[in-house]
């Protein structure tokens, strides 16, 4: 039996044939993953973004224009997901460090180019050291989660295995840990202003 074309699989997926989704996923998963990995340089984030890209593609399959190759459309979605992630991550990082007022003054050229001049690089390194001090001050269970996820760049599954807890618990605790960290930084900044 000849291999099904992407277009045939798209049509089958639109007709709710689950195997078609699986075939499209298995056909392009590795290529999309390595494409994203080259942009973010982090396997855990690349894995998350790959799944997000396929999720967006499958949710919007009815908007796919058949004049273009399915792979081209999929790569464009992956690229957009990754660009959004990088921008949000930089904004969130700067937001945690500076607070909301400074966020609006972030240089858009820095965000879009992704490169820092020597002065910005030095400031970022200082900010990272400050952030590490805050992480050290977290409760041990939260500190361990933050270290595994963001410093050692573990995937959720790896954290769950390492700590012997369910993935849902990992996500919930990570959410709480990030909130605790943000509150600690905010409280410290408010004390400095007094």
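None of the figures in this text is laboratory data; all of them are computed from the coordinates on show. A quick note: this is a predicted structure, and the numbers were derived from the prediction, not measured. Here the Cβ is made from the backbone with ideal geometry for all residues, glycine too, and neighbour counts use every protein chain on show.
Across all directions, the average flat footprint of the convex hull enclosing the Cα atoms of the range 1-81 is 5.3 nm².
For residue 62 and residue 79 in one chain, what is 0.36 nm times their gap in residues minus the Cα-Cα distance, to one decimal in nm?
Stretched fully, the residue 62-residue 79 segment lengthens by 4.2 nm.
Given a Förster distance of 22 angstrom, what is the FRET efficiency for residue 14 paired with residue 157, based on the Cβ-Cβ distance and rounded to 0.05? The partial results should precede the final answer.
Numbers: r = 31 Å, r/R0 = 1.40.
For R0 = 22 Å, the calculated efficiency reads 0.10.
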